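Computed from the coordinates by the stated procedures, all read-outs in this text should not be read as laboratory data. Everything quoted here is computed from the prediction, not taken from an experiment. Don't worry about glycine lacking a Cβ; one is built from the backbone with ideal geometry, like all the others, and counts go over all protein chains shown.
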Amino acid sequence: MAIRVYPYLSPRVIEVLAPQTEITIQSLTDQIKDWEDEPSNLTYPVLVKTFGKQALGGGIQVGITAELQNAKVSFQARDGTDNPPEVICVISGGNLVALDLAGASMTPIYPTAYTQVVISQSSSATIATPPSDDHLLYLISSLLGRQKSVGSFIYWNPTSGLDTNDGTTATLAVLTFAKAQTLTTAGAGDTIFCVSSHTSGSVTITEKPNITTANLKLHGPGINAKLIPTTTTTPTITIAANNVEVSGFYLETAATGTQNAITVDGDNVLIRDCWIGAARSHGIAVTSSARFRLSTSVLENCGGSGTGDGINLGNSTSQALISKCIISANQNGIVLSGTTISDNIIESNLIYKNTAYGVDVASGVLRTMVRGENTITNNTTANTRDLGTDTYIETPAGGASAGDIADAVWNEVIADHLTSGTTGKTLKDAKTKATLASLK
């Protein structure tokens, strides 16, 4: 027998005798079983349990796993006269694990002089359930993001999370955004997922995220995650870093005060799929920002304090793009006002029923473009006001509206002028043709 057992030690030691330097799991198991079958050894507890070797068909079998019971394997100590003095010993052909007396996992190797043991483990026919399964589940909803998620994934559950957790899975979510952000790395492209698990189906969050980590993504589950603070000291969300993305939240400000729902002070910021339902001041206020992007969002009831717009593009804002948004019932829909504001684009939005202007371009603002099938209508003071330089406001598709064309026809009572060839008849025909043309 090429092994020696020391049954009185704890853990027990199974020694592979010299000069042997390699043993397979199958051979090790067979020799241990032979030792256990000796009459003098029957009183000792079992040394090893084995699993596997089931036939999979086609001559293929499941790999073998040997589970040592309060035991470890060693190779007999050498005297250091070999060249090199340390002898490499190998255990191969399956998996080797060990449990202590309490059933806890421990290393299966017992070190000896001048030996180094290498275990060639096998994971054949195993089922892996890595934490990344959670990541894939949550990432499906964020595939439309403009920035790639290449960093860590942190889970934030404002209902049942614990800030003592590490946030690496949904079941180990942290309680607060502040804690989640401390687990991220600036510039790494990390993602924080907000998990909604409240039994009512939605969760109201009074914490106000202050995003200071560059390249961070904050993804919410949708309108059922409601960011509604109770204090008036800061905006509901503050973005003070570059390359930040926020999506999937319903937002309001506190019921009093003069705060914005979202304040942006950073380049390459993307906000999408958010609903701002009420704000005491601006829905979104942008300053010192290049290439800001806002899409597929709703902004309504902003300016509750008497001052505030759906979107306010302020000082040093350039190359912003506002697209596919619904902007309604605010003091103004979109305002561009301040210094060093240039090259911003407003396209494909529905902007209506705002108290003052739908789009207001102030003096000194350069090269604003309002294009691409915007519907700007029923705003109280006027739909648009342009005091800027080189502003382009695209005429709605199909030409001027029916009302604009009708108003251009002379203000003449023509109901009684129906005789062919009269001025009244000519005017009536002109108005009819113009109205029909506008409806094509």
Most exposed to least, judged by fewest other Cβ atoms within 10 Å, Lys217, Lys72, Lys226 sort to Lys226, Lys72, Lys217
For Ala290 and Ala104, extending 7 Å from Cα along the Cα-Cβ vector and measuring point to point gives, in nm, a value of 5.6
Residues whose built amide H sits under 5 Å from the amide H of Ile64, excluding neighbours closer than 5 in sequence, are Lys53, Asn95
The residues Asp265, Asp190, Asp166, Asp79, sorted from fewest to most surrounding Cβ atoms within 10 Å, come out as Asp79, Asp166, Asp265, Asp190
The set of residues whose placed amide H lies less than 5 Å from the amide H of Tyr110, leaving out same-chain residues fewer than 5 positions away, is Val73, Ser74
Any residue on another chain or 5+ positions along whose placed amide H is under 5 Å from the amide H of Gly364 is listed here as Thr389
Exposure proxy check on Cys325, Cys89, Cys302: fewest-to-most Cβ neighbours within 10 Å is Cys89, Cys325, Cys302
Checking rank on 286-299, 14-27, with mean other Cβ inside 10 Å and highest first, the result is 286-299, 14-27
Going through Lys179/Lys324; Lys217/Lys324; Lys217/Lys353 one by one, the pairs whose alpha carbons sit over 27 Å apart turn out to be Lys179/Lys324; Lys217/Lys353
Highest mean packing first, using Cβ neighbours within 10 angstrom, the peptides 177-185, 356-364 sort as 356-364, 177-185
